[in-house]
Protein chains: 2
Amino acid sequence: MVGRDQAAPPADQLAAMDLTDAVQNHAFSDRVLIRSIVGRPDGGAGLAGQRVRAAGWVRTGREQGKGTFAFLELNDGSCPANLQVIVDAGVAVLSKLVATGTCVVVDGILKVPPEGTRQRIELRVEKVVHIGEVDPAKYPIPKTKLTLEFLRDHLHLRSRTNTIAAIARIRNALAFATHSFFQEHHFLYVHTPILTTSDCEGAGEMFQVTTLISEAEKLEKELIKNPPPSEADIEAARQLVSERGEAVKQLKAAKASKADIAASVAELNKAKESLSKLEERSKLKPGIPQKDGKIDYTQDFFARQAFLTVSGQLQVETYACAVSNVYTFGPTFRAEHSHTSRHLAEFWMVEPEIAFADLQDDMSCAEAYVKYMCKWLLEKCLDDMEFMAKNYDKGCIDRLRMVASTPFVRISYTEAVELLEEAVRGGKKFENEVEWGIDLASEHERYLTEVKFQKPVIVYNYPKGIKAFYMRLNDDLKTVAAMDVLVPKVGELIGGSQREERYDVIRERITEMGLPLEPYEWYLDLRRYGTVKHCGFGLGFERMILFATGIDNIRDVIPFPRYPGRADL
Amino acid sequence: MVGRDQAAPPADQLAAMDLTDAVQNHAFSDRVLIRSIVGRPDGGAGLAGQRVRAAGWVRTGREQGKGTFAFLELNDGSCPANLQVIVDAGVAVLSKLVATGTCVVVDGILKVPPEGTRQRIELRVEKVVHIGEVDPAKYPIPKTKLTLEFLRDHLHLRSRTNTIAAIARIRNALAFATHSFFQEHHFLYVHTPILTTSDCEGAGEMFQVTTLISEAEKLEKELIKNPPPSEADIEAARQLVSERGEAVKQLKAAKASKADIAASVAELNKAKESLSKLEERSKLKPGIPQKDGKIDYTQDFFARQAFLTVSGQLQVETYACAVSNVYTFGPTFRAEHSHTSRHLAEFWMVEPEIAFADLQDDMSCAEAYVKYMCKWLLEKCLDDMEFMAKNYDKGCIDRLRMVASTPFVRISYTEAVELLEEAVRGGKKFENEVEWGIDLASEHERYLTEVKFQKPVIVYNYPKGIKAFYMRLNDDLKTVAAMDVLVPKVGELIGGSQREERYDVIRERITEMGLPLEPYEWYLDLRRYGTVKHCGFGLGFERMILFATGIDNIRDVIPFPRYPGRADL
């Protein structure tokens, strides 16, 4: 039918393909991707007459013509559109095919449907190759409209819905756009560690990683099966050692044969070994090992306390200060008890770090990156974006177009506060009071980007008191070279800064903020030896998906959301 | 000097660029990447006469001509080659520039050096813009040849060495090759969870993630500051409630005014509230919360025990059974106390999952993917591969070429065992005995790929007893549709299988292996509803880097290695 083992061309080349290519557009399987049929500019009409194997899951199915044939809307996840499939009763038991969620593999001929129908092409089935049945009475996600909240209780099946599948494709596109952008600009992708012993911003919000509890549980079980020796057992063993020792002494004093002495010494050693084993076991105590009233972390897996990372920035700086431009893209963690629609315990961050660059460069990079992602979605995911626009957020495509084409406003924090104060004087009410020195609240950020400028805004040079020690102190000694990128719909999308590269200044800042120097010695080394001007930022990847899709709850844009009380699967 | 905000072209387009483009080939900074000068086919000679800003770290520097000028070998991490820089004593204090590790930014003119020198171009400095000094007496990684083992104790500085920088570029290239390969074949990148409550292959080797210990520590501190109420405190509060209750009763009996009764009820409520607060606090106990003699995980962050994932396969199958082809690429964890050169506690895995595909398709995909990565390195990282060939593994480039161009041998496990037995009969000695039913040891795998076939070998259809429950049972009822890809230098690079898609069979297999059904109910749902033939595999990303580079220890091919007793930074 079709050849195997050939690469499928990217979406933007589908238009240029001839029919044979399109039909052979598969992915290590003998089926044809549905997108390579219905995703063509002609909606697949040009493929009429071709024999193909199609496969997917039935979105909707119905028997027609008094049970003489069935219509199936088949989707394989390769695009939001379905392939319409027609099966005659002579080919298969139709009732087994029509339930939503049924998996089918079919061989057939592509035909142009009669005029007046929505489809440009349909598949007339000649043979049903596989049916993965569904009992509609039991299927947890029936065809009826389901809320996103309901779907969160069925994580393992929710990707079978149009919405979660579209989000998966958009998420995939944004991830590859991210890699493409940084690779095109010669940034190296660096895998910073997930497990870290650098407790840099306070352990309170970090997850601890340990084997002490499971080791203690194992030991407890072992001690029940095989109780530790009693004091009497040990005393008896000690007695034996002393007796055997005495025996050796006597043999030696009696000048016994070498062989006799050796045998006696061997007996003594055996007794000693047995005693030391008993003593060792007598020290075993159930529970987590303690020392001086505290948990003894020298017995943990890494011989010290370990946590899940909250950011790869400090670690990736070691690479920026060696191979210049780098970025991370990986999971990060916060053990915050936040039950909001904007927080997750596990989320993905993109963190570039640019050497020989200052805050202006940082803003330029952030702006170019966000624009690149918007253009990418408009070019490669327009069908999914149209789905989101139709079902969730009318304005999402226009928003992408606007951000892709509009220069971002750049204002200092001081200017931002003045604009907010002006708004307050004009009658605008904020829940949080505005004055120089505050950390901008979400309502302030959204006012600036959604109301005042109606476009992305970069706010820079924040008061040093509300920002981290590693941000570069400006000459005014009051502000640091930090910047936040604010966009309509989500507010803060990116936070970044130029890093303090001056050894004396950063040392002073660490001390000033009441942090200990010792854990940062390695970080200070980067300034001690061959220091370099550098900057970077972090983009919350799920925030970017919220921004793009218009979805409201962050739990719906990550495949397996983790939040207080929930970590399904 | 050069414009900003333009994308740098990929390496393979450098040759085609005109000079202006090449000089403008930067990355959000006003410097020029060194690779865009010395990485050109002409070694940069064609750029003579151009003014550029270059930046990087001094690999070696020396004063010449009785201190009248200095030579610096400058490297910025963009390629293995250095840029030769010449600074006259009139331009800067030369002694500040020449120490290894010094960071410099310089403006100058590119010139063709005198005949007889190795370089094709050099930079004559007109102005030194920045110096990040190094005190060579203190610098932890001096110019002398350092062992990889020594460098592991200086993780934060080791990327400044040629070796670790070359590995970083190769690792980056393989990561992007991975994404490019799967994207070209229409696989969706799915982020499977790092935190998991699916304890699928035995908790013994999993890291536990918890906030119970830090919460307990917090509580302990709080209780010291603010001790819990005594029994007497509570008794007194109880007494007060009873008195206030009595007072209300009496007022009601006396038909007192509504206002008086209300005031008295308010007093009673206050007393009740205060009592309930005391009772609440009296329940606080230091230590990890227990219930029925066991740790009470309902009080942990996720209200149950949580672990770090050992594989994203089971979770990603939920997407494969919904949107067909998918892959994961992320960190995975094993809490094994292995001190070998092949094991890490944290490592990266690539796990594609292919719908509507069988074991043959799985092997085809694995083979195409490995070949693609080899070709990618030969095309995009040849300079780094030459560095590895020169310094670590003479044969590494030939190995890549061979694997990229040779069809992989495919033999069944049974055939593999026969070949090994034949070898034993021929005098070959193995430490592990060979007989049908054993799990092939590394020595067996390496014999097959390095000695017998001298090319990659895929072994398939393994005895079911040594493989996981989710692998598809073959019709012989003895073997499962599993496959391993073996390559020279590392042995097993990939392990995969066709998944058991038959509900009754997989249920039976779970039970047969003594596993409980309940935790797998969600996984069984994938077979209950719309089941599909599918397969997948896992590639240990660091193993692939070992294979490519010829480096011996896995701790040197991941930026921040984690293993028993060590998790620096």
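The values are calculated or read from the model by the stated rules, or taken from the named source; none is laboratory data. Predicted model, so just to flag it, every value in this text is computed and none were measured. Glycine also receives a Cβ, built like all others from the backbone with ideal geometry; neighbour counts cover every protein chain displayed. For the accessible areas, the whole protein counts, side chains as well, though only heavy atoms, and no ligand, DNA or RNA atoms are used. Shrake-Rupley method; radii C 1.70, N 1.55, O 1.52, S 1.80 Å.
This model, with +1 at the C-beta of Lys and Arg and -1 at the C-beta of Asp and Glu, gives the protein assembly as shown a dipole about its Cα centre of some 360 debye. Across chain A, C-alpha contacts under 8 Å between residues 6 or more apart give a mean separation that, scaled by the residue count, equals a relative contact order of 12 percent. Inter-chain neighbour count for A:329-336: the average number of beta-carbon atoms from partner chains within 10 Å of each residue's beta-carbon is 3. Packing, as the average of other Cβ atoms within 10 Å across residues, places the peptides A:64-73, B:467-476, A:78-87 in the order A:78-87, B:467-476, A:64-73, highest first. In this rough spin-label picture, where each label sits 7 Å from Cα along the Cβ direction, the A:Ser95-B:Ser341 distance is 6.6 nm.
Pairs of Cα atoms in the stretch A:16-139 fall into 5 Å distance bins, from 0 up to the last occupied one, in shares of 2, 12, 23, 26, 20, 11, 5, 1, 0 percent.
In the stretch A:542-569, burial by the other protein chains removes 20 Å² or more of accessible area from A:Pro559, A:Phe560, A:Arg562, A:Gly565, A:Ala567, A:Leu569, compared with the chain on its own (1.4 Å probe, ligands and nucleic acids ignored).
Near A:Tyr462, the amide H atoms lying under 5 Å from its own belong to A:Val480, A:Ala482; only residues 5 or more places off or on other chains count, and H is placed 1.01 Å from N. Counting only residues at least eight positions apart within a chain, or on another chain, the aspartates and glutamates with an alpha carbon under 19 Å from that of A:Lys252 are A:Glu243, A:Asp260, A:Glu267. For the protein assembly as shown, the 222 nm mean residue ellipticity estimated from helices alone, with every DSSP H stretch of n ≥ 4 adding -39500 (n - 2.57) and the total spread over all residues, rounds to -11000 deg cm²/dmol.
Over the stretch B:368-483, the hull volume per residue, using the convex hull of the C-alpha atoms, is 132 Å³.
Under 5 Å from the amide H of A:Met349 lie the amide H atoms of A:Gly330, A:Thr332, A:Phe541, each residue being 5 or more positions distant or on a separate chain, with H modelled from the backbone and absent for Pro and chain starts. Shown here is the pair-distance distribution of the protein assembly as shown: with all Cα-Cα distances grouped in 10 Å bins from zero up to the longest one, the shares run 2, 8, 15, 20, 19, 16, 10, 5, 3, 1, 0, 0 percent. Summary for A:Asn269: label point 7 Å along Cα→Cβ; distances to the equivalent points in the other copies, ascending, 8.2 nm.
Taken residue by residue and averaged, Cβ atoms of other chains lying within 10 Å of the Cβ of B:178-188 number 6.
For A:Arg410, the solvent-accessible surface with a 1.4 Å probe is about 80 Å², rounded to the nearest 10. Ratio of Rg to Rh for the stretch A:113-270: 1.39 [Cα atoms; Kirkwood radius as inverse mean 1/r over pairs].
So what is log10(I(q)/I(0)) for the stretch A:210-294 at q = 0.11, 0.18 1/Å, when the Debye sum runs over its Cα atoms only? Normalising to I(0) and taking log10 leaves -0.48, -0.80. Between Rg and the Kirkwood Rh of the stretch A:322-378, both from Cα atoms, what is the Rg to Rh ratio? Rg/Rh: 1.07.
When nucleic acids and ligands are ignored and a 1.4 Å probe is applied, B:Ile261 ends up with an accessible area of around 40 Å². Ellipsoid fit via the Cα gyration tensor, chain B: semi-axes of 57, 42, 22 Å, each the root of five times an eigenvalue, largest first. For chain A, the longest principal axis of the alpha carbon atoms and the long axis of helix A:396-405 meet at an angle near 80°. Are any of the pairs B:Lys96/B:Lys394; B:Lys394/B:Lys455; A:Lys464/B:Lys218; A:Lys249/A:Lys272; A:Lys464/B:Lys221 more than 26 Å apart by Cα-Cα distance, and if so, which? B:Lys96/B:Lys394; A:Lys464/B:Lys218; A:Lys464/B:Lys221, as the Cα separations exceed 26 Å there. The convex hull drawn around the Cα atoms of the stretch B:380-443, when projected onto a plane and averaged over every direction, covers 6.5 nm². Each of A:Phe347, B:Phe302 has its accessible area taken with a 1.4 Å probe; listed largest first, they run A:Phe347, B:Phe302.
Using Cβ point charges alone (K and R +1, D and E -1), the dipole size of chain B about the Cα centre works out to roughly 1660 debye. In this structure, the amide hydrogen of B:Phe301, modeled 1.01 Å from its nitrogen in the peptide plane, lies closer than 5 angstrom to those of B:Thr211, B:Leu212, counting only residues at least 5 positions away or on a different chain. When B:Asp484, B:Asp568 are compared by accessible area of protein heavy atoms, the largest-first order is B:Asp568, B:Asp484, using a 1.4 Å probe.
For chain B, the share of accessible area belonging to carbon and sulfur comes to 50 percent (1.4 Å probe, ligands and nucleic acids excluded). When only the Cβ of Lys, Arg, Asp and Glu is charged (+1, +1, -1, -1), the dipole of the stretch A:210-294 relative to its Cα centre reaches about 300 debye. In whole angstrom, how far apart do the alpha carbon centroids of the stretch B:265-294 and the stretch A:152-228 sit? Here the answer is 36 Å between Cα centres.
Rolling a 1.4 Å probe over the protein heavy atoms leaves B:Tyr460 with an accessible area of roughly 50 Å².
3J(HN,Hα) couplings calculated from phi for the stretch A:491-507 with the Karplus curve 6.51 cos²θ - 1.76 cosθ + 1.60 (θ = phi - 60°) are, in sequence order, x, 5, 10, 9, x, x, 6, 7, 8, 5, 9, 8, 3, 5, 5, 5, 4 Hz; Gly and Pro show x. In order along the stretch B:44-59, the phi-based Karplus estimate (6.51 cos²θ - 1.76 cosθ + 1.60, θ = phi - 60°) of 3J(HN,Hα) comes to x, 4, x, 8, 3, x, 7, 8, 9, 9, 10, 8, x, 10, 6, 7 Hz; Gly and Pro are listed as x. Applying the Karplus relation 6.51 cos²θ - 1.76 cosθ + 1.60 with θ = phi - 60° to the stretch A:182-192 yields 3J(HN,Hα) values of 6, 5, 4, 9, 6, 8, 8, 7, 10, 8, 6 Hz, where x marks Gly and Pro.
Across the identical copies, the label point of B:Arg281 (7 Å from Cα in the Cβ direction) is separated from its matches by 4.8 nm, in order from shortest. Buried surface between chains B and A: roughly 10500 Å² of accessible area, summed over both sides, computed with a 1.4 Å probe on protein heavy atoms only. Projecting the Cα atoms of A:Ala236, A:Gly116, A:Thr318 onto the charge dipole of chain A, computed from C-beta unit charges around the Cα centre, puts A:Gly116 farthest toward the positive end.
Remark: chain A carries 41 Å² of accessible area per residue (probe radius 1.4 Å; ligands, DNA and RNA excluded).
Helix A:359-380 axis versus longest C-alpha principal axis of chain A: approximately 50°, rounded to the nearest ten. Across the stretch B:354-449, the mean sequence separation of Cα contacts (distance under 8 Å, 6 or more residues apart), normalised by length, yields a relative contact order of 20 percent. Sorted from closest to farthest, the other copies place their A:Leu382 label points 3.9 nm away, with each point set 7 Å from Cα along Cα→Cβ. Relative intensity of the stretch B:434-474 on a log10 scale, I(q)/I(0) at q = 0.35 Å⁻¹, equals -1.20, per a Debye sum over C-alpha point scatterers of equal strength in the absence of solvent. Note: relative contact order over the stretch B:210-294, using C-alpha pairs below 8 Å and six or more positions apart, is 50 percent.
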